[in-house]
1. Taking only C-alpha pairs under 8 Å that are 6+ residues apart, what is the relative contact order of chain B in percent?
2. So, R0 is 35 Å and r is the distance between the beta-carbons of residue A:336 and residue B:157; what FRET efficiency does that work out to, to 0.05?
3. Sort B:134, B:41, A:214, A:79 so the one with the fewest other Cβ atoms within 10 Å of its own Cβ comes first.
4. Taking the Cα-to-Cβ direction at residue A:419 and at residue B:57 and moving 7 Å from each Cα, how far apart do the two end points lie in nm?
5. With the crude spin-label approximation of a point 7 Å out along Cα→Cβ, what separation in nm comes out for residue B:184 versus residue A:522?
6. Whole angstrom only: what separates the Cα centroid of segment B:21-39 from the Cα centroid of segment A:44-97?
7. With each run of n ≥ 4 DSSP H residues scored as -39500 (n - 2.57), what mean residue ellipticity at 222 nm is computed for chain A after dividing by its residue count and rounding to the nearest 500 deg cm²/dmol?
8. Helix-derived [θ] at 222 nm for chain B: sum -39500 (n - 2.57) over DSSP H runs of at least 4, divide by residue count, nearest 500?
Ligand SMILES: Cc1cc2nc3c(=O)[nH]c(=O)nc-3n(C[C@H](O)[C@H](O)[C@H](O)COP(=O)(O)OP(=O)(O)OC[C@H]3O[C@@H](n4cnc5c(N)ncnc54)[C@H](O)[C@@H]3O)c2cc1C
C-alpha cells in the first residue's frame, strides 16, 4: 500500500528528484560559493619594497605572487616539483607522472587535443574569481560537458549487465516516480490541503516531469529515445525498462545528483588543458619561481620569516618579510618549524583525501559512432566513470578518462600499474564491447602517492553526517590566522570547501586582504 | 613551464625517445619521512635520521621483497612497501649514504603513560634493545630511543596482530614478535612506549 505522504515530504521528494536550488544555496551558506556577489578582487596597498616568500606553486601560491607582484612586492616562489600547478595537472605527450613507486611518462600522440586533466578538470560557472583570472590572464575557455544523456549507464545487477543510455534510464525512472507521486496525490490526506487550482498545477508538473499519460500512468516516453525511425518514418519507442530492474541498481540516487550543484551545467574548461591556467599565471610571475626547491624549514621570527630549502643537493636559505604557504598540511607537519602548539594540533587535525584517475588514448573515437560527444558514462564498478573528450571532435584519436574514484581511491592506488590497467579494461568493456582493442597507452594517477602532494584534498570533517563540528571549525580558524602576523597557510585546504580551485584562490585572497588590512592599520 | 632536462640513463626506463624528458631519481624518501628524515606524523612515516645502516638496509630489503608491508591490514606498511619495491641494490646503498648525512633530531613526544609500569614492562626488552634503548647490532635489534612514539605503537600492535614478523623469511621480525606476547592491550603498549620516550629526555 502506498504510505501517506505529507505535503512537506512530498515537496522534499520533488526537490530530491529534480530540483537543484537547494544544493546551490547550501554552497552559498558555507560562505564559499558566492551567492550573488561579484568575484573576489583585491585592492592592495603599495608593497614599498616588502618581500614575500611563497611556499608551493599551487594556484593559490601563483595568484599570491601575481597580486603581490602587481602591488610592488618582491616575491619568490619555492616549488618542490619540476612543475608548478600542483593538483592542476595536465598529462600529455612526454609528461612525467611523478607518482612515487609508479613513475610514468605519458606516451599519448603529440597533438594539442590529446591531453588528460589528471587533477582539476571542471570549472563551475559560479566560480567567479577563477573565471576572472582566466579572463585577465588570457586563458581561452570552452564548455565542458558533464551531463550527456546519450552516454551509458551500466550495472551488472541491472538487465544482466547490458548498458543502457542514460536518457532511457532517467526517463523511465522519472516516469515511474511521477506515477507514484500522481497516485499519492489522490490517495493522501494532505496535512495542508491544496486548493483545486494548486492541485491541478502540481499534477500538471508531475505529469510533465514524468511524461505521464492523461490517466497518470507511465507508458514509456519518446524522451527515452527511439529504437528506430523518427526522421523519415514514424519513430518506434524504446521498450520500457521495468521499474524493478531500475531499482536493482543504486545509480538512481547518483545519476540524479551528479549534475546538480557545483557539477551542474554550465561547466567550463581551458582549451588545451587545465594547466593553461598555470601557464597564464607563469606568463606573469614565471621569473619568480625556483623549481625543485623543496622547503625544509620554516622559522617565523618577529621581523620576518626564514625559510631553508633543498635544491641541487644543497641546503639554501631565504629570508622574507612575510610568508604564504600552500604546501599540503600533512607535509608541513614533517618540516622543521617553530609553529605554536595549537597551530601544530590544527595541522595534524586535517587528514588527506584520496582520489584516483586513469586515462587511455583511444585509437579511434568509437564513442562518436554511438552519438556520444562529451559527457560521462557511469558504471557501477570500481572504475566508476568514463569521460569522453570535448577536445578534438571528429578527429581520429582522443583521450578518454578510464576511471575516476573520488572518495575511495585507495582501491586502485594499492594496485600495480598492470593491475590498474587490467581493472579498467575489464570494467570498461562492459560498456564498450571492443574497448580492449580500441584503447592503448594508459596513464594512471594515484593522488595519495603523487610526489609533494600525497593526497587529493584536505579532509576536515570526520564524517559527512556530522559535518563541521565546533572543534573542527576552531582548528580551521587557527590555521586561517597568521602565525605571528608573518606566516599564512593558504590553498583550498584553508577553506570550508576543499577540492576546488576557487576555494584555493579565495583563501589566498583572504590572507592577502588580512595582511593588507593589518599593514594599513599599523602605526607608521 | 617545464625545464629542459638531461637524460639520466640510470633512472629512465624508456630508453627510446627519452631525450629531453624530465628526469627523476630514487631520493624521494623525504617527501614522506620529512625534512632530513625526521619523521612525519601527517603521513605516519617514522624517523629515518640516525638509523643504523644495517637496520635501514634490512628493512628496505624486507619491504622490497615483500617480507614486510604485505599484510592487507597493515595500512602503513602497505604505504611504504611500494616505495621500496623498485629499489636496486645500488639505490639502497645510495640512500643509506644519503641518510647518513641527515641531521638527527630525537622525535618529539606525543604519548604519555605510566612510567613505572612502563619500566617494568621494558625489562625484558632491554636484553636486546639495551638499557637505554640504544640498540644492539649483534642481536639485530635497532635503537628505539628517539624514534617517533606513534610509530612504535603501530609496530607493537602490528607485531601482536601478526601484520609484521610472520613472513617465513622475517627471522628478526619473528624474534621480536614473540616478545610482544607479554604486552596485554593498548595500555601496556602505551606505557612501555612512554618509558622508551623517557630514555631520550
Ligand atoms: C583528482 C582531482 C580532481 C579535482 N577536480 C577539480 C575540479 O574539477 N575543479 C576544481 O576547481 N578543482 C578540482 N580539484 C581541486 C584543485 O585541483 C585544487 O583545489 C587546487 O588546485 C589546489 O591548489 P592549491 O593552491 O591549494 O595548491 P596545490 O595544488 O595543493 O599545490 C601545492 C604545491 O606545493 C608544492 N609543495 C609540496 N611540498 C613542498 C615543499 N616541501 N616545498 C615546496 N613546495 C612544495 C607542491 O609541489 C604543489 O605544487 C581537483 C583535485 C584533484 C586531486
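Just so it is clear, none of the values below were taken in a lab; they were calculated from the coordinates. Everything numeric in this text was worked out from a predicted model, so none of it was measured. Note that we place each Cβ from the backbone using ideal geometry, even for glycine, and neighbour counts take in every protein chain shown.
1. On the way: 293 pairs, mean separation 39.7, N = 201.
Averaging sequence separation for qualifying contacts and normalising by length gives 20 percent for chain B.
2. Rounded to the nearest 0.05, the efficiency is 0.75.
3. Taking fewest neighbouring Cβ atoms as first place, the list is A:214, B:134, B:41, A:79.
4. Rounded to a tenth, the inter-label distance reads 3.0 nm.
5. Distance between the two pseudo-spin positions: 6.1 nm.
6. 22
7. Values: 16 runs with 168 residues, N = 524.
Only helices count here, giving -9500 deg cm²/dmol.
8. -14000 deg cm²/dmol
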